[in-house]
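S.K.: Provided herewith is a single structure, encoded as structure tokens, for subsequent inquiry.
No value in this document is a laboratory result; all are computed from the given coordinates. Just so you know, these numbers come straight off a predicted model, no measurement behind them. Note that each Cβ is placed from the backbone with ideal geometry, even for glycine, and that neighbours are counted across all protein chains shown.
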Amino acid sequence: MSDAHGAKRSSGISVWLRAMPVVFVLIWSTGFIVAKFGLPYAPPLTFLVIRYVLSILCFLVWIKLSGAAWPTQRSQWFHLAVTGMLMHAGYLGGVWVAVKAGMGSGLVALMVGLQPVLTAVWVSQWAGQRISRLQWLGLAFGLSGLLLVVWRKLGAGAEVSAFTLAAAVFALVSITAGTLYQKRFMKPTDVRTANLIQLVAALLVTLPLTLLENESIVWNGEFVGAMVWSVLGLTLGGSSLLYLLIQRGAATAVTSLLYLVPPTTALMAWALFGESITVATIVGTALTALGVSLVVRASSDQKPKAI
């Protein structure tokens, strides 16, 4: 009986591990949907500070109830703090500031969607990790599909300034650097305590910057709903999954999943807001899915190396 129970449990874990990338993409893709709901009613950094505080409280309760282990080495606390500043404060701050300041969500998605290419170039040129031809082909397919999906959103009327461009580039560099840094320096750590340390670091960096904002919060259903999903879905769910995926996989394979975010977001916008789905969206989504599958398949054939 115990052997059967163990086999059933092992099978369930295996199914969950295979489903993790799909669940991550679905959750991560709601980021721009949340921005559409929440940003009209609050300044971006103030919204993020409230999100960090509520997320920290949720993780504290989760850790207390589960007895999750804390990192035992001071160096790991430091590395977690650095990744928190990059992947929470830097990435989210840059994206939300850019969108709030008027940059179209399609352009932000396109720029942040360049992360897989930036990651591949870094690991191949400076980290000593070989990127195969099949992986480069997959990255090219993914980028082509991404361009097809978001290009129509970059039409006339999209406002791009030096400020919004700098914010988007800052977000791109932050999440790329954070992913590479975490993969390079982080040892396996409980995802709950790891996220808590990262969020505290992000809060300490972001909180002083809210003094530069003078817009008031409008408390309504859209704002509260956006905040609830930001905390429970994006931070507790999405960020935790990203941490686990980075710990388990090669950086290039993991970041290639982000190619799927803009097409998935387009589908969600169609379902929620009635935005049209064009032929370009369908073809682009197919190209993106093919590209990611090539990168992941090629990565599974290689032995992961430290970067």
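S.K.: What list of ³J(HN,Hα) values in whole Hz, one per residue of region 43-54 in order, does the Karplus curve 6.51 cos²θ - 1.76 cosθ + 1.60 (θ = phi - 60°) give from phi, with Gly and Pro shown as x?
M.R.: Ordered by residue, 3J(HN,Hα) equals x, x, 6, 5, 4, 5, 4, 4, 4, 5, 4, 5 Hz.
S.K.: Then there is this: Quick one: which residues, 5 or more positions from Ile217 or on another chain, have an amide H under 5 Å from its amide H? H modelled 1.01 Å from N in the peptide plane, none for Pro or chain starts.
M.R.: For Ile217, whose amide H was placed from the backbone, there are no distant partners under 5 Å.
S.K.: Check which residues have an amide H placed less than 5 Å from Gly113's amide H, if you skip close sequence neighbours.
M.R.: none
S.K.: In whole Hz and in residue order, list the ³J(HN,Hα) couplings for region 278-286 that follow from phi through the Karplus curve 6.51 cos²θ - 1.76 cosθ + 1.60, θ = phi - 60°; x for Gly and Pro.
M.R.: Coupling constants for region 278-286: 9, 4, 4, 5, 5, 5, x, 5, 5 Hz.
S.K.: Hull surface divided by four, with the convex hull built on the Cα atoms of region 190-236: how many nm²? Walk me through the numbers on the way to the answer.
M.R.: On the way: hull surface 15.9 nm².
The number I arrive at for region 190-236 is 4.0 nm².
S.K.: Identify the chymotrypsin sites (Phe, Trp or Tyr not before Pro) of region 175-239 meeting these criteria: DSSP loop state and at most 12 other C-beta atoms within 10 Å of the C-beta. Walk me through the numbers before you get to the answer.
M.R.: Numbers: sites: Tyr181, Phe185, Trp219, Phe223, Trp229; in loops: Trp219.
Sparse-neighbourhood loop chymotrypsin sites (Phe, Trp or Tyr not before Pro): Trp219.
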